[in-house]
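Here's the structure we're looking at; comments come further down.
The values are calculated or read from the model by the stated rules, or taken from the named source; none is laboratory data. As the structure is a computational prediction, the values presented were derived from the model and not from experiment. Neighbour counts are summed over all protein chains in view; Cβ atoms, including those assigned to glycine, are modelled from backbone coordinates with ideal geometry.
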Amino acid sequence: MPAAALADAAQVTLSGLATGGLYAVLMLGVILVFQVSKNINFAYGQTGMVGVFLSYFLYAVAGIPVVAALLAGLALALLVASLTDRLIIRNIPAREGFDLVVTLGELLLLTSLAQLAFGTNAQSYLKLLTNWTTVRGGVFINANDILCLLLGIAVTLGGHIVLTRTSLGTSLRASAADAAIAKSAGINVLGLRTAVWTVSGLLAWVAASLFAARLSVNAFYMTPIVINVFIAGMIGGLDRYWPPMIAAFTIALYQSWAIYLFGEAAGTPAVFILVILLLSLVPKRYLEERHEARA
Amino acid sequence: MGFRSVLTCFGTGSLMVLAMLAVAGPAGAAGCNPNEKSPGVTATTVRLGATMPLTGSAAAGGLGAGAGAKAYYAMVNAAGGVHGHKIDFTLLDDEYSPAAAERQMRVLIERDHVFAIAGGEGTPNFLAVVPLIEREGVPAIGPYAPSSELGTMKTPHVFMTAVNYITEFAIMTRYVRESDYARSFSLVGVQGNVGDDAKAGMEQGIGNPSIKVDYIPEIPGTPDFTPIATQLRRENAEWTFLILTNTDTGELLEAMHRIGYNPRTAAWAGMNDPGYIKAFGPVSQDMIVAEETAALDSSDPLVQQFVTQFTKETERAPGKFEELGWVQAELVVKALQDAKALTRSCLMDSLEQIRDFKTGLLPPITFGPDRRQGVNAVGLVQIKGGKVVEIVPFRALD
Amino acid sequence: MRLVPDLAVPHRPFQRAAGRRHGALFSAVALTAAWLAIPVLLGQYEVFIAAQVMIYAVATLGLDIVYGRAGQLSLAHASFFGLGAYTAALSGPLGIPLWVQPELVVLLAIAGGIIVAVPTLRLSGLRLALVTLLFGELFDWAIDHSLALTGGSQGMTVAPMTIGPFNSQGTVDAYLLASIIALGATLLTRQLARSQLGRRMLAVRDSELASASLGVPIVHTKITAFILSAVFAGAAGWVYAYVVGFVSPTTFNLFASVYFLVAVILGGAGRITGAWLGSAYIVLVPEVFNLVGYPNLFPVLGGGVLIAIALFLPGGLVEGAALIRAQLGLHRR
C-alpha cells in the first residue's frame, strides 16, 4: 500500500474513532438512564444542543465571558435532563412505547424552541482544540480528535469502574434490578434516578460541545448523531455495558469507512445492512431485553 | 441520515416535471387582452403572493427576501400604488420543503386568488410549484430559484432573473482558468441536479475535455466531514469548488483544514453572506464566490439609493437577502406599471417587453416573447478578512 | 314502594338502547349533512383541505391498527403512505393502467408490511422503533437515489386520475374520492374491532405472554397488523398523490411518521373516532397557525401537545370527551 493511501486510511480511522469516542460519551448517558429507569429519551441529543446553543448565544451575541456562558449552558443541559425525568418520565403511563412518544414530543418542542430563541442559522462554535494539529507520517493528528478519542475511552473505562467497583455502582445496579428491594435496603432510589438523569445531561452537554466544535451549532445538528448512538445501543443491547460501548466506536468507524470508500450516499444503506444482518444472525436470546419492564 | 431531509432538500432534477408541463397548458402569452377577467384585482388593490422559507434551516433567506419585498411594496403603496391600485402582498412559509411549498401555493392561487406570484426564494421549493403555476396560468416573476429547468419556454409563465448554476459555475471556472492557469479541479456538490449543473458548468468553463472534474456528491447532515475531506485530499486538486448549504460548506472547510488540505476554493453565491462569513470566515479566506446581486457598498448610485430607501422604510440596514427581495418587487412593480391593463395576459405581455431594465442590484434584465431567462451574468467576489471584495463586476458568458 | 323500581328497571335497558339508536341515527344524519354541506358551502381550498383530512384519517386508522390495537410502535408508517403515493406517481410514466393500480398498491403494501414485520417480530421497545425508523430512512434514501424515476428530493408531479368527466384533481371529485376511501377504511376498521382478529390484537398488545398461553398466534397476529396498517397507508397515499398532484419525500419522512403517531395518540389509540380527530388535528391545526401568521409555532404546539396528552390524557381526546360526558352525566344526576 503506498504511503499516501496508508496516511488516508489512518486519517479516516482516526476521525472515525474520534467520532466514536463522542458516541461512547453519549452512549454512557443512554445506558445509565436505561438501566435506572428503563426509558429511552429521544430528546437526549437536544438536551446537549440547547445547552450549547445557549452558551453560544451568551458569549457570541450577549457578550458574556466564555466561561460564564459555558457554565450557563451546562446548567441548562443539566436542568433539562433532570426535569425530563421529574416532570415527564416519572409521570408516563405504563404503556408500550409511551416513553418514546413523549420524548419525541420533547425533541420536537426543544428543536422548535431553540429555533425560535436562537435563530435558524448554523453558527461556528468554540474551537476546543480543533485548530491544533500536528503531522505524523502524513497523518494530520488534530488535538480535538485525540481529545474525543481519549474522552471516549476514559468515559468507557470510568463508567465500568463506577458501575462495578463502587458502592454508587452497586446502588445503581440494585435500583435497576428491583427498585422496591433497593428502597427497602435504604437506597434513595428516586434521588439516585434524578442524579443519573442529571449526569446523562452532563454527558450530552460534553458530547454536544465537542461535536459543535467539529461541526457547528444549529437546532438540528445533534439529531442524526443521537440516532446513530441509539442504533449502536440497539445493536449492543442497552441492558449490557461493553457491547453497546464497543458498538458506539465500531459504528462510527464503519460509517467513516463506508463514506470514504463508497461516497456519502452509502452511509444510510451501510448502517441498515449492518443492522438487518445482525438482527438476522444473532441468536434470539441476545435480542431479549432482559430487564425491560414492558411485557 | 435521520432528519436530514428536514435540514435541507437542496434540489435534484425532475424530468417528470417537464414531461408534465409539456402537456400542461398553453405556452407563451397570446398578447395583451385588457378585457380578460383576472383574479386578484379589485378597484383599489392588486393581490400578489409568494412562498419563501420563513422557518427551518433555510429561513434566513426567506425572512430577508420577504422583508425586502415588503419594504418595497410599502414604499410604492405610500406613493399611491400602481395605476391607483395598492399592492396587497401575501407571503407564506414554505419551510424550504417542496411539499409545503406546493400546499402553500395552492393557498395563494385557490384560496387567496392572487393575480401573480411575485418573487420567491429557494430552488427545490419553487420547482415543486411550477407545475401548479403553469397549470393555472399564473405569471411568476423573478423567483430566486437557480435551475437549468427554468428560464426557457418550457415554463412560459415563469420569468427568471436568477442565473442557473451551469452559467454561474462556467463563469467562475473560466475566471479561475484564465487568472490562475489552474489545471486540476474537484467539486463537492449536493447530490442531484444542483451538483450535476455545477459540474456541467465547470466543464464548460474549463473548455478542455482532457481536464476532468473530480466530483463528490454530498448529502446534507453528516456527523463527520473527514471522510469527504480525505477523499478530496487524495484527489489533491489545485481548486475545490463547492455547491453545498452554507453550514455544510463551512463544516467541510473546517474538516479539510483539520487534515491539512488547503486548496484554493470557489463557491456558489450563497457564501456571499455576512452570516456565513461571520461563522466560517477564518476557513474561507480568499475563497472566490459568485455574486448574483450587487455588493451593498457598491458605488453604483442605484445601489446606494436602495440602501437609503430600505433603511428609511425599515429603520435598519439591508442585507443581501433583503436586496434580493427588493429587486424582485421592483421588477414586479415595473411590469405592473408597464402593463396596458391589470389582466394576466397584459402582465405577461408587459414582462415580454422588458429590455435592458437596470436596477443596479441585478445585472440588466431583458425578456422577450421567447425569452424567459432575464439575466445571464454574475460577478465574482473574494472573501478577505470579514468581508467580500469585488474582483470581477457582473459579466456574461460570451 | 318496591313496585316502582321493579317496574322501572326492566324498561331502562330498552330506553337506553333506544336512546343509543336515536343517538346513532342523529350522528349519522348530522355527519351526512356536514359531508354534503362542505362542498356546497365552503370554498375550493377548504374543500381540498377537507379531502386531506379524510385521506390522512385513512392512514391514521392504519397506524392505529398496528400501534393502537396491536401495540407495535412503527416509525415507518409514512413510508407506506409514500409507497402508495409513488405508485400513483410512477404509474403514469411507467404506463400502468388505472384498473391495475389498486391491486398493485395492495400487493406492494402487503410485501412492504411483511418486509418490515418479519425482522421486527423478535423486537420490542427501542429496537422495534429504531428498525422501523431505519426502514423509513431506507425508503427516503431509495427515493432520493432514484432521480431519473422519482425526481429525488425534488419530488414529481402526478397526472390526475381521469375517468370520463371525473378528474381527481378537481375539487369536488377529489372530495368524493377521499370520501369513498375514508368511508371504506372506517367501516373495515369497525369490522376489525368486532372480529376475533381485532380481539387477538388487543390481547397481544396487553400481554404477549398471556396471549401465547391462551393460544393466540402472536406472529400471525403481528404480521397481519403490520400488513393491514401498510395497506391502509398505501391506499391513502395512492389517493393522496392523485388528489394533490405532487409527491416529494418530505411528505413521507420520519417527521411525517411522528405526526401520524401524534394523530393516533392525540385522538386516542385503538379508537376510530380518535384516528379521525387526530387526522383533523394534523391537517387543520397547521392551517390555523398559517392563517393567523405564526406557522412556526405549530411544531412547538405539536411537541407540547404530544407530551401533555401522553401524560395527562393517555386515552386521547376520545377519552377526554368521555370523561367530560361522564362529568356532565354526574351533574345531571
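Within the range B:65-88, the set of residues being within 23 Å of C:F298 (Cβ to Cβ) and buried (at least 22 other Cβ atoms within 10 Å of the Cβ) comprises B:A65, B:G66.
When residues in the range A:36-63 are screened for being closer than 19 Å to A:M234 by Cβ and aromatic (F, W, Y), 2 of them pass. Residues of the range C:222-238 include at least one that is within 14 Å of chain B (Cβ to nearest Cβ) and surrounded by 23 or more Cβ atoms within 10 Å (Cβ to Cβ).
Does the range C:160-177 include one or more residues that are over 30 Å from C:T32 (Cβ atoms) and polar (S, T, N, Q)? No, the range C:160-177 has no match at all.
With a requirement of 2 or more residues that are free of Cβ contacts under 8 Å to residues at least 12 places away in the same chain and in the same structural domain as B:R47 (by TED's automatic domain parsing), the helices (runs of 4 or more DSSP H) lying completely within the range B:292-398 that satisfy it span B:301-314. Filtered by the rule that a residue be among the hydroxyl-bearing types (S, T, Y) and under 13 Å from the mean Cα position of the chain (by Cα), the range A:201-256 gives A:S209, A:Y221, A:T223. Number of residues in the range C:272-321 that are away from chain A (no Cβ under 14 Å) and either β-branched (V, I, T) or touching a strand residue (DSSP E or B) at 6+ places or on another chain (Cβ under 8 Å) (or both) equals 7. In this entry, C:F246 is excluded by the filter for residues that are of a type outside the set (G, A, S) and either modelled with pLDDT of 90 or more or surrounded by fewer than 15 Cβ atoms within 10 Å (Cβ to Cβ) (or both).
When A:A212, A:A248 are checked against the criterion of being closer than 30 Å to A:Q115 by Cα, away from every other protein chain (no Cβ under 11 Å) and not in a loop (DSSP other than H, G, I, E, B), a single residue qualifies: A:A248.
The residues of the range A:80-108 that are in a helix (DSSP H, G or I), hydrophobic (A, V, I, L, M, F, W, C) and either at pLDDT below 80 or buried (at least 22 other Cβ atoms within 10 Å of the Cβ) (or both), listed by number, are A:V80, A:A81, A:I89, A:F98, A:L100, A:V101, A:V102, A:L104, A:L107, A:L108. When C:A269 is tested against (1) more than 9 Å from every other protein chain (Cβ to nearest Cβ); (2) of a type outside the set (D, E, K, R); (3) under 27 Å from C:L31 (Cα atoms), exactly one condition is not met: (1).
Note on the range B:222-245: residues that are more than 7 Å from every other protein chain (Cβ to nearest Cβ) and within 12 Å of A:L215 (Cα to Cα) amount to 1. From the list B:D273, B:D286, the one residue that fits, being under 18 Å from B:W239 (Cα atoms) and either out of contact with any Leu (no Cβ under 9 Å at 6 or more places or on another chain) or among the aliphatic types (A, V, I, L, M) (or both), is B:D286. Among residues of the range B:257-288 being more than 20 Å from B:A60 (Cβ to Cβ) and of a type in the set (G, A, S), the one that is farthest from the other protein chains (Cβ to nearest Cβ) is B:A266. State yes or no: is A:F57 closer than 30 Å to A:S112 by Cβ, touching a helix residue (DSSP H, G or I) at 6+ places or on another chain (Cβ under 7 Å), aromatic (F, W, Y) and modelled with pLDDT under 90? Answer is no for this residue. For the range A:22-58, the candidate set comprises residues that are over 25 Å from A:A69 (Cα atoms) and small (G, A, S); within that set, the residue that is surrounded by the most Cβ atoms within 10 Å (Cβ to Cβ) is A:A24. Of the residues that make up the range A:125-145, is at least one surrounded by fewer than 19 Cβ atoms within 10 Å (Cβ to Cβ), in a helix (DSSP H, G or I) and modelled with pLDDT under 85? Among the residues of the range A:125-145, not one is surrounded by fewer than 19 Cβ atoms within 10 Å (Cβ to Cβ), in a helix (DSSP H, G or I) and modelled with pLDDT under 85, which makes the answer no. Taking each residue of the range B:170-199 that is assigned by TED's automatic domain parsing to the domain that holds B:D248 and looking for partners that are part of a loop (DSSP other than H, G, I, E, B) and aromatic (F, W, Y) with beta-carbon atoms closer than 6 Å, six or more apart or interchain, yields B:V190/B:F10; B:V194/B:F10. Count of the range A:57-106 residues, restricted to those that are within 14 Å of another protein chain (Cβ to nearest Cβ) and among the small types (G, A, S), is 4.
Give me a count of the residues in the range C:73-101 that are part of a helix (DSSP H, G or I) and without any contact (Cβ under 8 Å) to a residue 24 or more places away in the chain. Here the count works out to 4.
Taking into account only those residues within the range C:140-155 that are under 30 Å from C:Y45 (Cβ atoms) and modelled with pLDDT of 85 or more, which is farthest from the chain's Cα centre (by Cα)? Among them, the one singled out is C:T150. Here the condition is being touching a strand residue (DSSP E or B) at 6+ places or on another chain (Cβ under 7 Å) and surrounded by fewer than 24 Cβ atoms within 10 Å (Cβ to Cβ); of B:G195, B:G120, B:G137, it holds for B:G195 alone.
For the range B:264-271, check the following and say yes or no: at least one residue is in contact (Cβ under 8 Å) with a residue 12 or more places away in the chain, within 30 Å of B:D398 (Cα to Cα) and of a type in the set (K, R). Among the residues of the range B:264-271, at least one is in contact (Cβ under 8 Å) with a residue 12 or more places away in the chain, within 30 Å of B:D398 (Cα to Cα) and of a type in the set (K, R), which makes the answer yes.
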